[in-house]
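The structure appears below as structure tokens.
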Amino acid sequence: MLLEIKDLTLLYGRIQALHGISLTVNEGEVVALIGANGAGKTTTMRAISGLRPVASGSIVFDGTDVTRMRADLRVVRGIGQAPEGRGVFPGMTVMENLEMGAYTRRDRSGIAEDMKMVMDLFPRLAERRKQHGGTLSGGEQQMLAVGRALMARPRLLLLDEPSMGLAPMLIQQIFEIITRINEQGTTILLVEQNAQQALSRAHRGYVLETGRIVKEGTGRDLLHDPAVKEAYLGVA
Ligand code: ATP
């Protein structure tokens, strides 16, 4: 087991956003976290990456309790995140943004290899390598955020709504890329509004409702679950 979360609670002031979340991610898996707006998906990701302190519960990554570890040290341990809302550096070029993703690494040849891998995955970024992040289209910034997260060579990649705001053709492409990244050996925890795509790509999934896990199963089982279909897949 690569990630094990137990009974996690998290507060924003007096608002309780997570009410005892437990989930696991095994090495090599793609796990999808789905749920309505405000269910707590992004909050769960923030707790795992260390961007928000948790109130109680535990987060164990690769056998180490990281519940209260600093966010940057979690990156060093192998937890990488492409955050919702992209967060690319607008004044830096595509290349510089990608290099920033590798700031914790010292293995120059490995970094060069991964730069090539990211450029192969995202030919659009390769074409625009000298362009400033702030001048990329929304979809291109999304790709850059994923590429930058990959540059840390994470063991666990946290992807928060990678398909958000993308045109249908690009949505298809980003999910294909997610599958390829996984096939190349990276474990992925994926938050998505696009439940259909996410569950059809994921080995397993969890359904989050108002800060609680209400259902879990294989991607396939959840795709065919009548309640999930009705609530998240837009079919009765
Ligand atoms: P979406 O799909 O809309 O992004 P989500 O499932 O990712 O939703 P979260 O962003 O995790 O949901 O939010 C969970 C709950 O916590 C929501 O009710 C939200 O209003 C609240 N919340 C999130 N961030 C904060 C904050 N900084 N301060 C106060 N409340 C917050």
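The values are calculated or read from the model by the stated rules, or taken from the named source; none is laboratory data. Computed from a prediction, not measured in an experiment: that's the story for all the values here. Don't worry about glycine lacking a Cβ; one is built from the backbone with ideal geometry, like all the others, and counts go over all protein chains shown. Side chains included, ligands, DNA and RNA excluded: accessible areas come from the protein's heavy atoms. Shrake-Rupley method; radii C 1.70, N 1.55, O 1.52, S 1.80 Å.
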Filter segment 37-58 for residues that are near the ligand (Cβ under 9 Å from one of its atoms) and assigned to a loop (DSSP other than H, G, I, E, B); the one that is farthest from L190 (Cα to Cα) is R52
Next item on the list: State whether one or more residues within segment 35-58 are free of Cβ contacts under 8 Å to residues at least 24 places away in the same chain, open to solvent by 40 Å² or more (accessible area, probe 1.4 Å) and farther than 26 Å from Q193 by Cα.
Entry: no
If we ask which residues in segment 182-236 are of a type in the set (S, T, Y) and modelled with pLDDT under 90, their number turns out to be 1
The number of residues in segment 91-114 that are of a type outside the set (D, E, K, R), in a helix (DSSP H, G or I) and open to solvent by less than 80 Å² (accessible area, probe 1.4 Å) is 9
Scanning segment 161-170 for residues that are within 16 Å of the ligand (Cβ to nearest atom), on the phi < 0 side of the Ramachandran plot and either without any contact (Cβ under 8 Å) to a residue 40 or more places away in the chain or open to solvent by 10 Å² or more (accessible area, probe 1.4 Å) (or both) gives S163, M164, L166
Of those in segment 59-82 that are among the basic types (K, R) and in a helix (DSSP H, G or I), the residue most open to solvent (accessible area, probe 1.4 Å) is R77
When every residue in segment 115-159 that is over 22 Å from R74 (Cα atoms) and in contact with a strand residue (DSSP E or B) (Cβ under 9 Å, 6 or more places away or on another chain) is compared, the one most open to solvent (accessible area, probe 1.4 Å) is K130
Selection over segment 182-236 where residues are at positive phi, open to solvent by 30 Å² or more (accessible area, probe 1.4 Å) and either away from the ligand (no atom under 16 Å from the Cβ) or of a type outside the set (S, T, N, Q) (or both) yields a count of 2
For segment 24-34, state whether one or more residues are assigned to a strand (DSSP E or B), open to solvent by 30 Å² or more (accessible area, probe 1.4 Å) and either closer than 26 Å to L150 by Cα or more than 13 Å from the ligand (Cβ to nearest atom) (or both).
yes
